[in-house]
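Undergrad: Below is one structure. I have some questions about it.
The values are calculated or read from the model by the stated rules, or taken from the named source; none is laboratory data. In this text, all values refer to a predicted model and were calculated from it rather than measured experimentally. Backbone-built Cβ (ideal geometry, glycine too); neighbour counts: all protein chains shown.
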2 protein chains.
Amino acid sequence: MKVIIVGGVAGGASCAARLRRLDEKADILMVERGPYVSYANCGLPYHVGGAIEKESSLFVATEATFRQQFAIDCRTRCEVVGISAHQKTVELKNHVTGEITTEPYDKLVLSPGAAPIRPPLEGIDLPGIFSVRTVPDARQMREWLERGATMPSGMDKSTGCQTMTKPQRAVVVGGGFIGLEMVENLVQRGLEVTLIEQSAQVMPPLDPEMANLVQRSMTKHGVRLELNDGVAEFREADRCTLEVITSSGRTHPADIVILAIGVRPETTLATMAGIEIGQRGGIRVDEQMRTSNPDIFAVGDAIEVKDFVTGQWSLVALAGPANRQGRIAADVIAGRDSRYRGTQGTSICQIFEAAIAQTGVSEKTLTRLGETDFEKIYLYPNSHAGYYPGAKMLAMKVLFRKSDGRLLGAQVFGEDGVPKRIDSFAMAIQMGCTIYDLEESELCYAPPFGSAKDPVNFAGMVAADILRGDMPQCHWDSAGNAFLLDVRNPPELAVESIPGALNIPLPELRARLSELPREREIHVTCRSGQRAYYATRILLQEGFNVRNLAGGMLARSHAASDARSGSSGG
Amino acid sequence: MKVIIVGGVAGGASCAARLRRLDEKADILMVERGPYVSYANCGLPYHVGGAIEKESSLFVATEATFRQQFAIDCRTRCEVVGISAHQKTVELKNHVTGEITTEPYDKLVLSPGAAPIRPPLEGIDLPGIFSVRTVPDARQMREWLERGATMPSGMDKSTGCQTMTKPQRAVVVGGGFIGLEMVENLVQRGLEVTLIEQSAQVMPPLDPEMANLVQRSMTKHGVRLELNDGVAEFREADRCTLEVITSSGRTHPADIVILAIGVRPETTLATMAGIEIGQRGGIRVDEQMRTSNPDIFAVGDAIEVKDFVTGQWSLVALAGPANRQGRIAADVIAGRDSRYRGTQGTSICQIFEAAIAQTGVSEKTLTRLGETDFEKIYLYPNSHAGYYPGAKMLAMKVLFRKSDGRLLGAQVFGEDGVPKRIDSFAMAIQMGCTIYDLEESELCYAPPFGSAKDPVNFAGMVAADILRGDMPQCHWDSAGNAFLLDVRNPPELAVESIPGALNIPLPELRARLSELPREREIHVTCRSGQRAYYATRILLQEGFNVRNLAGGMLARSHAASDARSGSSGG
């Protein structure tokens, strides 16, 4: 059996190695257009930033590894330039010799990845504008960043312009994962960074109020954020610098520009092979990674995947899923019955000292799908026992189904303990957990690592309080004209108070019930919603019409700005 | 309804607060024998060590909180000295006034905890010997440790002996959680520490080869470990120091001794009430925390719990379960149908820069129960992408059922990323995961936090390779007389080689098959078992009778010493 694998990173490399393990006799050819296979593309921003110092660290396995250890015919700088699905052949172009050869296959695996989007803007090909996809990309960025330092001032032969100083000002275009990682790494290198993002928030998979926490953290570190603005044009300026002109007409000077607008599945080969492309623009595959042509498989960033929670087709460029898909394609080619379960979108991104992570579905997506059978909660627990040094507040949003309590999604931001919680949620979603299961989860606890009631337990408890009717809840952005009760202590109000709210500290509440209206809905708040929950329990049992304002003052503070202005609570 | 809760820490405090939230009208009396309620007993070792500087940090909630915020009649220094289950009354002794009163109850909740075991040894009541249970215990230890620093040398009035110097030598008796936490904290304070443990390993819930990693780490930090030796006697020595005499006849001088031999459920009150005590010596309850008397509930360290995995009754003194049990007892008293699911034994302990964590069942326990339908694997993945700085090797042992792949237990040791992995395993066990589910788990990945294939995925893959028959495996301690093949590279052998093993580096294997015997079983090894897996795949398909030595040289290095000496591989 002859198997040709197109693309030697993540999905392709996983597929090749797995297939060799399953079938010692298979004739496996893996071709990669670029100079390297199996490199750590997720590490590129950190290599540009300097956290990963040596380029050689990025090579997980080399062409030699594949040849010697896996007996795989591995060819770099070799591109598929034609596919005949009818004849089951591919045309390969050797970029070193220029030679084109034809190779037959029994099974073909496409793992071409996704290409950075480069809109046809004026000036987009100017020197100093980079995308982040390959090791040579990273190398060129590093060289550009070192330029001013390594060369005398004066004429720079390679660009033909005057480089007076080392680049100091960067503009990153696009606030997705790669954009944010580049922002952080450029700041770490000492650059002044401006991030331009066309939409109203960074990190499109997040809900806006959680993205707000990320935005705050970036601003705190001196990043200039330009949301709701796109790039209209790039211009060359004096002394080999650039100007980024935005749709709103602003001009941002830049010594380096990073394009991280997003990626688009590479479907040229798929189109050549005549296989089906899905509505989202990715290669359509079944749960065994088989395309519409049964002899052609596709894996990785180029394919559409089923969202594990919603069942919708989606494009998700993540390394973990790509690796698992490569493995599954190999299994199926080797005659096994492996199946891909869909993608949960579990992801994490370092934002300076913090991390933002997500798994499952967002409120945004649920709303887009017209879903109404869900509820959301916000909570702000400590990352570990508050009495042990180093505890940091986590900000968590959790989404669950109202009808049966099924966990739908979670978003967590904080400086400590984020991966631990998002992985618990990720495992829970995979296994179809309800919020009642989260209440009972037995997670590890010692003072340096957690709490007797872990934040994950707390999420279950808060959500269950709502579904059991123990804690009616409302949200700042849809609170309406209710009576507002603030149960915090007076010193807390001195820091930030809510105009028009009645303050009754929780310990005094039972004695002061007569101050509360019986004919109006009462919305209770405190710092995070916990004491407001206690107050809600008291008032509910005393016959009041009461709701807890989800997430208290903390949720109010990072609610999306448009939601905040529409709040009646303020 | 009048509810009396006996014990105001963890389980008792949780129960009281939850009951108030559920029933604003209940008459709740919570009594605590000691001076404080709701204190962080898990934090006591860290307070002694100084990581938690202020004693006040340990008070999660005070008597005043319970009275004011929860309207609970909370009485400290108040002990239950009698129970009449027939009359439904308790006799309360006020330790301040000495007064004894009788209080009726409708429901009684016992949360007395477990008491440190103090064997009737000669000298056990000498000054300088401490147990770690309460805030006053910690305070006395701190005072004792500061003694030499704060007092002039000469006669010490309180003990009547000469204290010349600040304590420098500590002996900790017992190597369970509290013992280990005390060892670490005393080392952090600058003391020379000896740990005496009667059994052959520290941390009894762990399997010995994993405990071995903990032992190594302690030894590396200068702790003197005395395993397989118990305390026979304590003696007073010169200048207010002590001598600890062990069963083997050794003498260990000590300026302070910590007794952490273990705990025993406090069942005096239960016996007084005539309720059933289980075979393990704890109060027997049903899954609603009800004792054999339907009006008496019990929670926390005093009860026996069902092991979530084995279904066996066991004693597990952990804060998380105690809190959940308190909550469930309150639910049931308030008329709800909550049920406790059993205890998984999820736990974690900091060992200097490392952590050891566990969830589910150990091999030891499975063997004790006569279970044979299980397999174990060892793996040593990086805590996050190896190319990103700071990655540390994790040592993982994972147990699963052979017949259906169900995950049974996991033990993880390492300096980074331990809580993240153990919580994924804990959630997986709770939800009845199989190792096939672990293969497909989508956990968070970015270079600082994980790998595209997370260690949890790896565990699933290795286990599935075994169950699918792709990788026959054997263990160092039961390897028998097989032909040993080492597929590492020669430089690795220079560091540590195995006498009698044939070395064929993996890349050369396919070309050198003729050097291998076809009539004998071949056991393959490498550093961690991964290359040996690749070799196993090749040999298996080439018709050899081959097994991978689980965990490679790394597993061999920390196998229990008796197992190691019995190994044929060495």
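Undergrad: Has region A:457-474 got at least one residue that is touching a Gly at 6+ places or on another chain (Cβ under 9 Å), crowded, with 18+ Cβ neighbours inside 10 Å and over 20 Å from B:SER338 (Cα atoms)?
TA: Yes, some residue in region A:457-474 is touching a Gly at 6+ places or on another chain (Cβ under 9 Å), crowded, with 18+ Cβ neighbours inside 10 Å and over 20 Å from B:SER338 (Cα atoms).
Undergrad: Which one of these does A:PRO119 not meet: (1) at pLDDT 95 or above; (2) within 26 Å of the chain's Cα centre (by Cα); (3) surrounded by fewer than 20 Cβ atoms within 10 Å (Cβ to Cβ)?
TA: Evaluating A:PRO119 over (1) at pLDDT 95 or above; (2) within 26 Å of the chain's Cα centre (by Cα); (3) surrounded by fewer than 20 Cβ atoms within 10 Å (Cβ to Cβ) leaves (1) as the failure.
Undergrad: I'd like to verify a number: residues in region B:24-44 that are more than 9 Å from chain A (Cβ to nearest Cβ), out of contact with any strand residue (DSSP E or B) (no Cβ under 8 Å at 6 or more places or on another chain) and more than 18 Å from B:VAL90 (Cα to Cα), how many?
TA: Residues that pass the stated criteria total 3.
Undergrad: Something else about it: Count, please, the residues in region A:485-530 that happen to be hydroxyl-bearing (Ser, Thr, Tyr) and over 39 Å from the mean Cα position of the chain (by Cα).
TA: 1
Undergrad: Further, regarding this structure: If B:MET431 passes every condition in (1) farther than 25 Å from A:CYS42 by Cα; (2) surrounded by 24 or more Cβ atoms within 10 Å (Cβ to Cβ) but one, which one does it miss?
TA: Looking at each condition in turn, B:MET431 falls short on (2).
Undergrad: In region A:494-536, what residues are at pLDDT 95 or above, aliphatic (A, V, I, L, M) and within 16 Å of A:GLY552 (Cα to Cα)?
TA: Residues satisfying the conditions are A:ALA501, A:LEU502, A:ILE504, A:LEU506, A:ILE522, A:VAL524, A:ALA532, A:ALA535.
Undergrad: Among the residues of region A:517-553, what is the count of those that are touching an Asp or Glu at 6+ places or on another chain (Cβ under 9 Å) and surrounded by fewer than 18 Cβ atoms within 10 Å (Cβ to Cβ)?
TA: Residues in region A:517-553 being touching an Asp or Glu at 6+ places or on another chain (Cβ under 9 Å) and surrounded by fewer than 18 Cβ atoms within 10 Å (Cβ to Cβ): 3 in total.
Undergrad: Quickly run through region A:144-190 and pick out the residues that are under 30 Å from A:LEU206 (Cβ atoms), surrounded by 20 or more Cβ atoms within 10 Å (Cβ to Cβ) and either of a type in the set (S, T, N, Q) or at pLDDT below 90 (or both).
TA: Residue satisfying the conditions is A:ASN185 alone.
Undergrad: Keeping to region B:505-561, report how many residues are farther than 19 Å from B:TYR380 by Cα, out of contact with any strand residue (DSSP E or B) (no Cβ under 8 Å at 6 or more places or on another chain) and among the charged types (D, E, K, R).
TA: Residues in region B:505-561 being farther than 19 Å from B:TYR380 by Cα, out of contact with any strand residue (DSSP E or B) (no Cβ under 8 Å at 6 or more places or on another chain) and among the charged types (D, E, K, R): 7 in total.
Undergrad: Is it the case, given these coordinates, that A:THR219 is at pLDDT 95 or above, over 15 Å from the mean Cα position of the chain (by Cα), of a type outside the set (A, V, I, L, M) and in a strand (DSSP E or B)?
TA: It is false that A:THR219 is at pLDDT 95 or above, over 15 Å from the mean Cα position of the chain (by Cα), of a type outside the set (A, V, I, L, M) and in a strand (DSSP E or B).
Undergrad: Within region A:424-478, take every residue that is modelled with pLDDT under 95 and away from chain B (no Cβ under 11 Å) and give me the one that is nearest to A:TYR388 (Cα to Cα).
TA: Going through the qualifying residues, I end up with A:TRP476.
Undergrad: Right, B:ARG520: part of a helix (DSSP H, G or I), over 21 Å from A:THR65 (Cβ atoms) and out of contact with any His (no Cβ under 6 Å at 6 or more places or on another chain) or not?
TA: no
Undergrad: Right, next: Do you know which residues across region A:1-23 are away from chain B (no Cβ under 14 Å) and among the hydroxyl-bearing types (Ser, Thr, Tyr)?
TA: none
Undergrad: Another question, if that's okay. Would you call A:ILE498 surrounded by 16 or more Cβ atoms within 10 Å (Cβ to Cβ), on the phi < 0 side of the Ramachandran plot and part of a helix (DSSP H, G or I)?
TA: Answer is no for this residue.
Undergrad: Just checking, which of B:GLY335, B:GLY345, B:GLY326, B:GLY370 is within 15 Å of the chain's Cα centre (by Cα) and at pLDDT 95 or above?
TA: B:GLY345
Undergrad: Report, by residue number, each residue of region B:1-56 that is crowded, with 21+ Cβ neighbours inside 10 Å and in a loop (DSSP other than H, G, I, E, B).
TA: B:GLY7, B:GLY8, B:VAL9, B:ALA10, B:GLU32, B:TYR36, B:VAL37, B:SER38, B:ALA40, B:ILE52
Undergrad: OK, next. Working only within region B:368-391, note down all residues that are outside any strand (DSSP E or B) and within 14 Å of chain A (Cβ to nearest Cβ).
TA: B:PRO381, B:SER383, B:HIS384, B:ALA385, B:GLY386, B:TYR387, B:TYR388, B:PRO389, B:GLY390, B:ALA391
Undergrad: Please verify whether region B:431-440 includes one or more residues that are touching a residue at least 40 places away in the same chain (Cβ under 8 Å) and touching a strand residue (DSSP E or B) at 6+ places or on another chain (Cβ under 7 Å).
TA: no
Undergrad: Checking the structure you have, find out if any residue of region B:295-307 is over 20 Å from the mean Cα position of the chain (by Cα), surrounded by fewer than 22 Cβ atoms within 10 Å (Cβ to Cβ) and closer than 27 Å to B:PRO104 by Cβ.
TA: There is at least one residue in region B:295-307 that is over 20 Å from the mean Cα position of the chain (by Cα), surrounded by fewer than 22 Cβ atoms within 10 Å (Cβ to Cβ) and closer than 27 Å to B:PRO104 by Cβ.
Undergrad: Any residue at all in region B:417-438 that is closer than 26 Å to A:GLU184 by Cβ, small (Gly, Ala, Ser) and not in a helix (DSSP H, G or I)?
TA: Looking for residues that are closer than 26 Å to A:GLU184 by Cβ, small (Gly, Ala, Ser) and not in a helix (DSSP H, G or I), one finds at least one in region B:417-438, hence yes.
Undergrad: Right, here's the next one. Kindly list the number of the only condition in (1) at pLDDT 95 or above; (2) surrounded by 11 or more Cβ atoms within 10 Å (Cβ to Cβ); (3) not in a helix (DSSP H, G or I) that fails for B:MET141.
TA: (3)
Undergrad: Would you be able to say whether some residue in region A:395-407 is closer than 30 Å to B:GLU53 by Cβ, more than 13 Å from chain B (Cβ to nearest Cβ) and under 19 Å from the mean Cα position of the chain (by Cα)?
TA: Yes, some residue in region A:395-407 is closer than 30 Å to B:GLU53 by Cβ, more than 13 Å from chain B (Cβ to nearest Cβ) and under 19 Å from the mean Cα position of the chain (by Cα).
Undergrad: Under the condition of being of a type in the set (S, T, N, Q) and more than 9 Å from chain A (Cβ to nearest Cβ), which residue from region B:339-367 is nearest to B:VAL398 (Cα to Cα)?
TA: My answer is B:SER362.
Undergrad: Can you tell me which of (1) surrounded by 23 or more Cβ atoms within 10 Å (Cβ to Cβ); (2) within 11 Å of chain A (Cβ to nearest Cβ) is the one B:ALA329 doesn't meet?
TA: Result: B:ALA329 passes all but (2).
Undergrad: Suppose we filter B:GLU236, B:GLU197 for residues that are modelled with pLDDT under 95 and within 15 Å of B:HIS252 (Cα to Cα); which single one remains?
TA: B:GLU236
Undergrad: Same structure again: Considering only region B:479-493, how many residues are crowded, with 23+ Cβ neighbours inside 10 Å and either at pLDDT below 95 or away from chain A (no Cβ under 14 Å) (or both)?
TA: 2
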